[in-house]
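Q: There's a structure below that I have some questions on.
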Amino acid sequence: MSPSINEARRRLLKKIALGTVLVPIAGSALKAIAADMPLVTSDDPTAKALKYVSDASKATDAKPGSKCANCSLYQGAAGSAQGGCMLFPGKAVKATGWCASWTAKK
Ligand code: SF4
């Protein structure tokens, strides 16, 4: 094997090893951050504009079964009670919540 292929392989293995270490750390950090974030409140201007509710069953426009936990913009871990949402930076939404921007998770 030529030296350049060995060097390329070495760099690739380093990146894989670094990713293997950092991805779980980043995931844990995000979960911890989400747990510490304040919940979106009903007086939040974005929440009002998007008709956010913490209980999807109380949303008049919600498609049956739609809720934050199965929205593609939800950033909480599977099974979490609350988590981040891409539309509410720095805040958490309830997994049971819903808003007009709900988009099915694929
Ligand atoms: S965009 Fe999705 S996760 Fe965010 S509040 Fe609306 S329904 Fe919930």
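Q: Report the gain in length on full extension from Ser101 to Leu73: 0.36 nm times residue separation, minus Cα-Cα distance, nm rounded to one decimal.
A: Gain on stretching Ser101 to Leu73: 9.2 nm.
Q: Give the aspartates and glutamates whose C-alpha is closer than 20 Å to that of Lys94, dropping any in the same chain fewer than 8 places away, or say none.
A: Filter leaves Asp36, Asp43, Asp44, Asp55, Asp61.
Bear in mind that the values in this text are calculations on the coordinates, not laboratory data. Just so you know, these numbers come straight off a predicted model, no measurement behind them.
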